[in-house]
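First up is the structure itself, then whatever we jot down about it.
No value in this document is a laboratory result; all are computed from the given coordinates. Predicted model only: the values in this text are computed from it and were never measured. All Cβ positions, even for glycine, are placed from backbone atoms using ideal geometry, and neighbour counts span all protein chains on display.
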Amino acid sequence: MLTPHPRDPARWPRLFTLLLCLALLAPSFSLTQFNPATLANPDSWRTMAGFVAGFFPLSTQGSFLLDVARETITTLASATAGIALAMLLGAPLAFVTTRALDRQALAGEVALAGIELLKSLLRGLMVILRGIPEIVWALLFVRAAGLGSLPAVLAIGLAYGGMLGKVYAEILESQPRELAGALHLQGASRWQCLLYGLWPQALPELVSYSVYRWECAIRASAVMGFVGAGGVGQLLDTSLKMLNGGEVSTLLLVFLLLVSLSEGISLLSRHALERARGGLYLLGSSLLAVAASVLWLLPGWRDSGFDLSAIARFSHDFFPPDGDMLAELAHGTLETLAMSALGTVLAFAVAAVLAMPAAGRFGSLLKLASRLLLNLLRGVPDLLWASIAVLAVGLGPAAGVLALALHTAGVLGRLFAETLENADHTPELALRQAGASRVLAFAYGLLPTVFSQWVAYTLYRWENNIRIATVLGIVGAGGLGQQLYLALSLFQQHRAASLIIAMLLLSWAVEQISRHWRRQMD
C-alpha cells in the first residue's frame, strides 16, 4: 500500500538540475527580449485572436488561384531541378573524397600526399557549401544577378550538393569493403571498385537519402520566395506585406499540401525500391520529372534577365571582409544561440503536453485533434512561422523564439508521442494496480522510461535550430540573419562577408560538437 506522501529520493538532484538549467537559460530572455508574461496576458490573446481571425475566410478568387497553381508548379520544378544539380555536384565530390576508395582502405597502401591534400580541400569546399544555408545562397544570387526561380535552383544545388557529397561519402564508407578490396588487388580501377564493389549494396541507402533530400528541397523552395527567388513563397511574402489574411491562409493550406505530397511521393519511392524493376521505374520517372521541370522553368529563366557574369563582380566586392565589427558579430551570434535555446526549451514544454493526447492517453477524439495540431505546427516552415510571428509580436528575436517554438513543438510532439506509444507500460500499470493515481503512475512508471529519449531528440533539434536561427532574421526575426539582410540591402558586401563567415563558423562548430556528442552516446 502506497504512503499518502511518498518520498522521492531523487527530488533534490532533479530540482537542482532544473534550477541550473533555468539559470543558464536566464540570459536568453534579455538577449531575445522575449517576455513569457506576454503569453499569459489576456490582451495579447485577444490581439492574437483578432490577428488569426483575419485569415478567414480563405481567398478563392479565380485569378489568385491560377497564380497559386502556377507558382506551386514552379516550386516543385525548382526543387526537382535543384536536387538534380545537387546530385551532379555531390556524387563526384563523394567519389573523390570518400575514404572507402582510398589506397589504404582497399589495399593497405600509403596514400599520396598530393591526393590527400586535394581531398582535404574538397572536403573544405563541401563544408562551405552546406555551411551557408540555402536561403542565404538564394539571397546572394538574387542580389547579385536578379529575381526568379534560377537563384532557388542554384541555391539548392550548391547547399544540398555539399550535404549530398558528405553523406554519400559516409554511406560508401559504411559498406563492407572486402569485394572492393579484392577487385582492387585484381587491377580494377577506383571507378570499377565503386561500380561493382560498393555501389550495389549502397544503392538503396543512397536512393533513400536522395529522396529525403528532395523532400527537404520542396520545403526550402517553398520559402525562397521571401528573398525574391520565385515560387509560392513570393506570393506569400506579398500577401503578408499587404496584410491579406485570406490569401495567406490559402497559401498556408498549399504549403501543407505540398509537404504532404512530398512525404507521399517519398514513401512511394522507397516502396518502389523493394519491388522488381522498381529502381528502373524510379530512375525513369526521376529523369522525366527533371526534364519536365527544366522545360517549365526555362521560359522564366530567359525572361528574368539573370546575369551570371554579375555574380563574379558581386563576389569581388565581398573582399576583404570587414574586420571592425567583432562586437556586432558576437552580439548576433549570442542572440542567435539564445533564440535557438529558448525556442527549443519552449517547444519541449509544449511538445510534452501535446504528446500525451497525441499518444491516445485521453481518447480518440483528442488524439485526432492533437495530431492535426502537431501536423500543422511542423508542416508550416520555420521561416513562414517567423514571418507570421513578426506580424504578431513585432520585429526582433522574440519573433524568432516564437517561430522556433511553434515549428519545433510540432516535430518534437510527434516524436514524443511515438516514444510513449512504443514504451513498455508494465511499470505504469503495476503502479495503477497498487493504488497510485494516473498522474503518479505516469510520472514514476512511464516517464522515466522515455525521458532520456525525449532529451536526446531535443538536443538533436537544438542543433538543427541553431542553424535555422541564423536565417530567421531574413524576415526580421533577429540574429545574424537580420544583420546579413540589412547589410545586403545597404550594399555593404564587406560586412555581409563577415556575417557569412560567422554563420559558417557557427555551423561548423555545431557540427563538430554534435559529432562529439554522438560519439560519447555511442
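Just a few scattered comments:
- With the convex hull of its Cα atoms as the shape, segment 199-244 has an orientation-averaged projected area of 3.7 nm².
- Length gained when the stretch Ala37-Ser452 is fully extended (0.36 nm per residue, less Cα-Cα span): 146.4 nm
- Sparsely packed loop sites in segment 107-207 (the GluC sites (Glu not before Pro) outside DSSP H, G, I, E and B with at most 13 other Cβ atoms within 10 Å) comprise Glu109.
- Shown in residue order for segment 468-475 are the 3J(HN,Hα) couplings computed by the Karplus curve 6.51 cos²θ - 1.76 cosθ + 1.60 at θ = phi - 60°: 5, 5, 5, 10, 4, x, 4, 9 Hz (x for Gly and Pro).
- Spread of Cα-to-Cα distances over 5 Å intervals beginning at zero, given as percent, for segment 274-317: 5, 18, 12, 12, 12, 12, 10, 8, 6, 4, 1
- Take the Cα of Leu334, step 7 Å toward its Cβ, do the same at Asp303, and the gap between the two points is 5.0 nm.
- For segment 59-316, the equivalent ellipsoid derived from the Cα gyration tensor has semi-axes of 39, 22, 14 Å, listed largest first.
- Across segment 205-222, computed HN-Hα scalar couplings (Karplus, 6.51 cos²θ - 1.76 cosθ + 1.60, θ = phi - 60°) run 6, 5, 5, 4, 5, 5, 5, 4, 5, 5, 4, 5, 5, 5, 4, 5, 5, 5 Hz from first to last residue, x flagging Gly and Pro.
- Segment 423-495-segment 121-199 distance, computed between alpha-carbon centres (Å): 29
- Judged by the gyration tensor of its Cα atoms, with axes a ≥ b ≥ c, segment 433-522 is oblate; a/c meets the 1.5 cut and b/c is at least as large as a/b.
- Other-chain or far-sequence residues with amide H under 5 Å of Gly396's (modelled H): Ala477, Gly478
- The residues neighbouring Gly90, those whose beta-carbon lies less than 14 Å from its own, together hold a net charge of +2 under the Lys/Arg +1, Asp/Glu -1 convention.
- Note on Arg277 and Thr60: their simple-model spin labels are 4.4 nm apart, each label 7 Å out from Cα toward Cβ.
- Prolate/oblate/rounded label for segment 87-200 (Cα gyration tensor, a/c 1.5): prolate
- Chymotrypsin sites (Phe, Trp or Tyr not before Pro), loop per DSSP, at most 15 other Cβ atoms within 10 Å - longest free stretch of the chain: 1-361
- Lysines whose Cα lies under 30 Å from that of Lys166, excluding same-chain neighbours fewer than 8 positions away: Lys119
- Neighbourhood net charge (14 Å Cβ-Cβ; Lys/Arg +1, Asp/Glu -1) for Ala405: +1
- For segment 145-259, the relative contact order is 26 percent, taking Cα pairs closer than 8 Å that sit 6 or more residues apart in sequence and dividing their mean separation by the residue count.
- Long-range Cα-Cα pairs in segment 156-243 (distance over 19 Å), rounded percent: 56
- Proximal charge balance of Gly228 [Cβ under 11 Å; K/R count +1, D/E count -1]: 0
- Global geometry of segment 322-522, whether rounded, prolate or oblate, following the gyration tensor of its Cα atoms and the 1.5 cut on a/c: prolate
- Here is the list for segment 226-316: GluC sites (Glu not before Pro) lying in DSSP coil, each with at most 10 other C-beta atoms within 10 angstrom of its C-beta, are Glu274.
- Distances between every pair of Cα atoms in segment 315-367, grouped in 10 Å steps from 0 to the bin holding the largest one, split as 20, 22, 20, 15, 12, 10, 1 percent.
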